[in-house]
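These notes concern the structure reproduced below.
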């Protein structure tokens with residue numbers, strides 16, 4: 001019974017309903033997508049065998065590495081929006097498991113970069129591969145016109161949500 005409440009709550013709209021049936025279908029689909037993304041996030045955490053914060057930190061480090069950026073603990077503090085103590089613990093757990101290496105900063109002897117190992121990169125890729133492949137397979141099935149419309153609608157919704165966040169100071 002409680003799981004039914006959890007499942008259905010994710011489909012509840014805390015605002016006026018869209019004005020017509022087609023809008024309601026779109027709203028329902030977006031809420032279902034949100035719920036499915038939450039489920040996938042949980043599956044990725046379980047697949048990675050890391051905590052949510054450790055996986056998030058590792059994802060940031062992997063992405064930074066792929067982008068050619070040198071990231072350190074101070075960067076993680078900002079990206080994770082958490083304390084230095086929490087980041088210290090995250091870094092220690094990831095280093096102990098062999099997922100990151102500390103590399104000395106070339107000009108600041110007190111600083112170091114955090115570089116993900118090949119095992120860490122594979123772990124992150126494996127945790128998200130099925131999720132992202134499912135998304136890409138649906139996108140690739142769309143004809144160009146439908147893909148353009150879908151991209152425009154999703155971008156407009158994302159812009160509206162970003163504006164709400166900006167007004168709230170986030």
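Between residue 153 and residue 133, residue separation times 0.36 nm minus the direct Cα-Cα distance comes to 5.1 nm.
Two decimals is fine: what is log10 I(q)/I(0) at q = 0.11, 0.14, 0.19 Å⁻¹ for the chain, from a Debye sum with one equal scatterer on every Cα and no solvent? Values returned for q = 0.11, 0.14, 0.19 Å⁻¹ are -0.66, -0.97, -1.29. Pairwise Cα distances in segment 89-170 exceed 14 Å in 78 percent of cases. Against the longest principal axis of the chain, how steep is helix 118-141, in degrees 0 to 90 to the nearest 10, with axes from Cα atoms? So the helix axis and the longest Cα principal axis differ by about 20 degrees. Taking a point 7 angstrom from the Cα of residue 141 along the C-beta vector, which residues in segment 21-48 have backbone N less than 18 Å away? Residues 26, 29-30, 32-34, 36-37 fall inside that zone. Note on residue 19 and residue 110: with the Förster distance fixed at 45 Å, the Cβ-Cβ geometry gives a FRET efficiency of about 0.15.
Note on 88, 96: ascending count of other Cβ atoms within 10 Å places them as 96, 88, the fewest first.
Using the Cβ-Cβ distance between residue 74 and residue 96 with R0 set to 35 Å, the FRET efficiency from 1/(1 + (r/R0)^6) comes to roughly 0.95. Contact order, relative form, for the chain: 18 percent (alpha carbon pairs under 8 Å, 6 or more residues apart, mean separation divided by residue count). Computed across segment 52-117, the Kirkwood radius stands at 11.7 Å (inverse of mean 1/r, all Cα pairs).
If you average the C-alpha positions of segment 13-28 and of segment 88-119 separately, how far apart do those two centres end up, in angstrom? Each part reduced to its Cα centre gives a spacing of 47 Å.
Every number here is computed from the coordinates shown, using simple stated rules; none is lab data. Bear in mind that the values here come from a model prediction, so they are computed numbers and not experimental data. Reconstructed Cβ throughout: ideal geometry from the backbone, glycine too, with neighbour counts over all protein chains shown.
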